[in-house]
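Novice: Attaching a single structure in structure tokens format; questions to follow.
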Amino acid sequence: MSQSIQSVRGMNDILPGESESWEQFEETVRAWLRSYGYQPIRLPLVEPTPLFTRAIGEVTDIVEKEMYSFEDSLNGEQLTLRPEGTAGCVRAVIQHNLAAQRPQRLYYMGPMFRHERPQKGRYRQFNQVGVEAFGFAGPDIDAELILMGARLWDDLGLDSVKLQINSLGQLDERVKYRAELVTYFEKYADQLDEDARRRLHANPLRILDSKNPAMQDIIKGAPSLSRCLGAESMAHFEGVQQVLRDVGLPYEINPRLVRGLDYYNLTVFEWVTDRLGAQGAVCAGGRYDGLVGQLGGKPMPACGFAMGVERLVALMRESWGDPEPQGVDVYLVHQGDAAARLAPRVAERLRDEGLDVLFHCGGGSFKSQMKKADASGATFAVIIGDDEAEAGEVTLKALRAEGNQDKQDKKQKRVSVDQIADEIMNVFFDGDDI
Ligand code: HAM
């Protein structure tokens, strides 16, 4: 026997049983996005590699060690499987001149790829729902994006997700801060790990993001960025907080929240839970006013976030379990040649009426087909034998009738093919007995 092939490490199948929770999540998310007026945008999974190096930053974990980059052997192009959605979304906004006339509120959903060490909640292919707003400069949109998160957790029935916010100020303020950080970390040069030493001069803010427990004391003592913020940046941050206070949304200011991607300025935020172990960030984002200009577009303010679907579905399943599998309305049982010819037409007719029909395939005795009908969770069996087929009729049987077997057995009757859909509808909507 030849050897079977397994999926790539860190890239998972989502099987029936769990995938119903994903669909429930996606339905809730689509309704939620509509309620805020965001429009869907669909973007390629593969982009030119320089898009990500320029947008996310050369000295970041993602660009340094997590991108699936390759040369297209057919034409030599340097390509990358998208590690996140913001860069591609900005590229599309510039390429199609999307926000030239008016601001845009956009969202996308789909898989992202990062070559990280797989563990619970951290995968190499994972899914994000990303939300991006282009053309708004004021703190009102930052606040809207944050409030959106709070509403979604509520819609999903999640109560363990907490908000952390920070302001990274503007570029010139970060340059000042960067100098202070370098001076500070240089004092501890011999205690810095290899990553931190490499980043000390290239990107010292990234050191604050380190998860290395041995570095946490040094990081705690580092000067805080807020000292370097000017009046305008402070006012913007205060504007965001004012809205959060006005609507009564609790938040924590986390001065160490610097984010792992370089494009941010002013507001950054993360939604975190303590229910998922080490991978507690379920949603994160912030403002990136410089990115559109940096990628060749007419400069434009922008702000957004992305959430990790695997982590949120894990939270939902932990809180609520998986939804009950929904049986179809009708399982169609048929035996005999005449029945086999009538059955597909009956099934299509029922579907015309909006009923969900599982059509028995593969033959077998009435008894074995009825067992399958029962196990399928269907509400009714529609049974066609040759004698029914010749009379232009079917037998309709309720599979989910309450009460004893005796009573259940009586819950069936023959009806003409023309009446079958009406009969079923009557039972569904008017509660008629069969
Ligand atoms: P990010 O923080 O890199 O931001 O990712 C956002 C979320 O994606 C994380 O909070 C987490 O829930 C999920 N996530 C990230 N990596 C993994 C992984 N390996 N496995 C499972 N889930 C993961 C961004 O991607 C930005 N583009 C967000 C943004 C949009 N900022 C502005 N607009």
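Novice: Which of the residues spanning segment 120-135 are among the polar types (S, T, N, Q) and either under 30 Å from Met300 (Cα atoms) or more than 9 Å from the ligand (Cβ to nearest atom) (or both)?
Specialist: If we filter segment 120-135 for residues that are among the polar types (S, T, N, Q), which is where we start, we get 125, 127-128.
Residues satisfying the conditions are Asn127, Gln128.
Novice: Is there a residue being of a type in the set (Phe, Trp, Tyr) and either open to solvent by 30 Å² or more (accessible area, probe 1.4 Å) or within 16 Å of the ligand (Cβ to nearest atom) (or both) anywhere in segment 233-243? Lay out the reasoning, then the answer.
Specialist: From segment 233-243, those of a type in the set (Phe, Trp, Tyr) are 237; that's our starting set.
Filter once more, keeping what is either open to solvent by 30 Å² or more (accessible area, probe 1.4 Å) or within 16 Å of the ligand (Cβ to nearest atom) (or both): none.
Scanning segment 233-243 turns up no residue that is of a type in the set (Phe, Trp, Tyr) and either open to solvent by 30 Å² or more (accessible area, probe 1.4 Å) or within 16 Å of the ligand (Cβ to nearest atom) (or both).
Novice: Does segment 45-63 contain any residue that is among the aliphatic types (A, V, I, L, M), within 24 Å of the chain's Cα centre (by Cα) and away from the ligand (no atom under 13 Å from the Cβ)? Can you show your working first?
Specialist: Taking segment 45-63 first, the residues among the aliphatic types (A, V, I, L, M) are 45-46, 51, 55-56, 59, 62-63.
Checking the rest, the ones that are also within 24 Å of the chain's Cα centre (by Cα) come to 45-46, 51, 55-56, 62-63.
Next cut, away from the ligand (no atom under 13 Å from the Cβ) only: 45-46.
The answer is yes, given that some residue of segment 45-63 is among the aliphatic types (A, V, I, L, M), within 24 Å of the chain's Cα centre (by Cα) and away from the ligand (no atom under 13 Å from the Cβ).
Novice: Report yes if Val59 is buried (at least 18 other Cβ atoms within 10 Å of the Cβ) and more than 23 Å from Gly149 (Cα to Cα), otherwise no.
Specialist: Working: buried (at least 18 other Cβ atoms within 10 Å of the Cβ): no; more than 23 Å from Gly149 (Cα to Cα): yes.
Criteria not met by Val59.
Novice: When segment 177-204 is examined, which residues are found to be assigned to a helix (DSSP H, G or I) and exposed (fewer than 15 other Cβ atoms within 10 Å of the Cβ)?
Specialist: Step one: of segment 177-204, the residues assigned to a helix (DSSP H, G or I) are 177-186, 189-191, 194-202, 204.
Correct list: Ala179, Val182, Thr183, Glu186, Ala189, Asp190, Gln191, Glu194, Arg197, His201, Ala202.
Novice: Across segment 281-296, what is the total count of residues that are in contact (Cβ under 8 Å) with a residue 60 or more places away in the chain and open to solvent by 20 Å² or more (accessible area, probe 1.4 Å)?
Specialist: The initial filter retains those residues of segment 281-296 that are in contact (Cβ under 8 Å) with a residue 60 or more places away in the chain, namely 282-283, 285-292, 294-296.
Going one step further and asking which of them are open to solvent by 20 Å² or more (accessible area, probe 1.4 Å), we end up with 289-290, 294-296.
Looking only at that region, the number is 5.
Novice: Could you check how many residues of segment 386-434 are open to solvent by less than 90 Å² (accessible area, probe 1.4 Å), at pLDDT below 90 and not in a strand (DSSP E or B)?
Specialist: 15
Condition check ((1) buried (at least 19 other Cβ atoms within 10 Å of the Cβ); (2) under 18 Å from the mean Cα position of the chain (by Cα)) across all residues:
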position: Arg82; (1), (2): yes, yes
position: Asn97; (1), (2): no, no
position: Gln104; (1), (2): yes, no
position: Val161; (1), (2): yes, yes
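Novice: Go over the candidates Leu158, Leu98 one by one and state the one that is away from the ligand (no atom under 14 Å from the Cβ), out of contact with any Gly (no Cβ under 9 Å at 6 or more places or on another chain) and among the hydrophobic types (A, V, I, L, M, F, W, C). Quick ask: steps written out before the conclusion?
Specialist: Working: Leu158 fails: away from the ligand (no atom under 14 Å from the Cβ).
The match here is Leu98.
Novice: Now, a different point. Just checking, which of Leu261, Leu291 is within 21 Å of Arg206 (Cβ to Cβ), within 13 Å of the ligand (Cβ to nearest atom) and at pLDDT below 95?
Specialist: Values: Leu291 fails: at pLDDT below 95.
The unique qualifying residue is Leu261.
Novice: If you scan segment 323-365, which residues turn out to be surrounded by 15 or more Cβ atoms within 10 Å (Cβ to Cβ) and of a type outside the set (A, V, I, L, M)?
Specialist: Once the filter is applied, which keeps residues that are surrounded by 15 or more Cβ atoms within 10 Å (Cβ to Cβ) and of a type outside the set (A, V, I, L, M), segment 323-365 yields Gly327, Asp329, Tyr331, His334, Gln335, Gly336, Arg349, Arg351, Phe359, His360.
Here is a yes/no grid of residues against (1) within 16 Å of the ligand (Cβ to nearest atom); (2) more than 21 Å from Ala421 (Cα to Cα); (3) among the hydrophobic types (A, V, I, L, M, F, W, C):
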{"residue": "Gly277", "(1), (2), (3)": "yes, yes, no"}
{"residue": "Gly296", "(1), (2), (3)": "no, yes, no"}
{"residue": "Cys303", "(1), (2), (3)": "yes, yes, yes"}
{"residue": "Val309", "(1), (2), (3)": "yes, yes, yes"}
{"residue": "Met316", "(1), (2), (3)": "yes, yes, yes"}
{"residue": "Ser319", "(1), (2), (3)": "no, yes, no"}
{"residue": "Ala338", "(1), (2), (3)": "no, no, yes"}
{"residue": "Pro344", "(1), (2), (3)": "no, no, no"}
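Novice: Going through segment 244-280 one residue at a time, which ones are open to solvent by 20 Å² or more (accessible area, probe 1.4 Å), aliphatic (A, V, I, L, M) and either within 29 Å of Val175 (Cα to Cα) or not assigned by TED's automatic domain parsing to the domain that holds Ile165 (or both)?
Specialist: Ile253, Val272
Novice: Quick check, is Gln216 in the same structural domain as Glu270 (by TED's automatic domain parsing) and modelled with pLDDT of 90 or more?
Specialist: Details: in the same structural domain as Glu270 (by TED's automatic domain parsing): no; modelled with pLDDT of 90 or more: yes.
So Gln216 fails the test.
Novice: List every residue pair whose Cβ atoms sit under 6 Å apart, with the two residues 6 or more apart in sequence or on different chains, where the first one lies in segment 299-315 and is of a type in the set (Asp, Glu) and the second, anywhere, is open to solvent by 10 Å² or more (accessible area, probe 1.4 Å) and within 8 Å of the ligand (Cβ to nearest atom).
Specialist: Listed pairs, sorted by first residue: Glu310/Phe126.
Novice: Another question, then. List the number of the failed condition for Gly138; all other conditions in (1) out of contact with any Phe, Trp or Tyr (no Cβ under 7 Å at 6 or more places or on another chain); (2) within 10 Å of the ligand (Cβ to nearest atom); (3) open to solvent by less than 30 Å² (accessible area, probe 1.4 Å) hold.
Specialist: (2)
Novice: Right, next: Could you check Gln128 against (1) surrounded by fewer than 15 Cβ atoms within 10 Å (Cβ to Cβ); (2) within 16 Å of the chain's Cα centre (by Cα); (3) not hydroxyl-bearing (Ser, Thr, Tyr) and say which number it fails?
Specialist: (1)
The values are calculated or read from the model by the stated rules, or taken from the named source; none is laboratory data. Here the structure is a predicted model, which means the values were calculated and not measured. All Cβ positions, glycine included, derive from the backbone under ideal geometry; neighbour counts span all protein chains shown. Only protein heavy atoms, including side chains, enter the accessible area calculation; ligands, DNA and RNA are left aside. Shrake-Rupley method; radii C 1.70, N 1.55, O 1.52, S 1.80 Å.
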